[in-house]
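One structure is given here, and the rest of the page talks about it.
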Amino acid sequence: KPAPLHPLAFKADSKEQVDRLFLQIKETGATIVEEPKYFPQHGEKYYATYFKDPEGIKYEVVFEERT
């Protein structure tokens, strides 16, 4: 049995793109783990949303502004 994949991340081009994708993901009926917000434990400007597919695989859509 393969090791768990946790989470699979997709990089967004902007905070607004994370927000738009969140709404689209929510419409599919995916299980929302975390709505879009900043996660300072991962970095001061780390903005992401987390969700799970029907198989229970956790995904992340993230934007991190680089200065």
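The values are calculated or read from the model by the stated rules, or taken from the named source; none is laboratory data. Since we're looking at a predicted model, the values are computed, not measured. Reconstructed Cβ throughout: ideal geometry from the backbone, glycine too, with neighbour counts over all protein chains shown. For accessibility, only protein heavy atoms count, side chains too; no ligands or nucleic acids. Shrake-Rupley method; radii C 1.70, N 1.55, O 1.52, S 1.80 Å.
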### Query
How many of the residues in the stretch 10-23 are polar (S, T, N, Q) and either part of a loop (DSSP other than H, G, I, E, B) or more than 12 Å from the chain's Cα centre (by Cα) (or both)?
1
### Query
Only one residue in Lys11, Lys26 is more than 21 Å from Arg66 (Cβ to Cβ) and open to solvent by 50 Å² or more (accessible area, probe 1.4 Å). Which one?
Lys26
### Message
Considering only the stretch 49-62, I want to know if a residue exists there that is in a loop (DSSP other than H, G, I, E, B) and open to solvent by 100 Å² or more (accessible area, probe 1.4 Å).
### Response
yes
### Query
Going through the stretch 54-67 one residue at a time, which ones are out of contact with any Ser or Thr (no Cβ under 8 Å at 6 or more places or on another chain) and charged (D, E, K, R)?
Glu55, Lys58, Glu64, Glu65, Arg66
### Summary
Checked the stretch 29-48 for anything assigned to a loop (DSSP other than H, G, I, E, B) and open to solvent by less than 40 Å² (accessible area, probe 1.4 Å); matches are Ala30, Phe39, Gly43
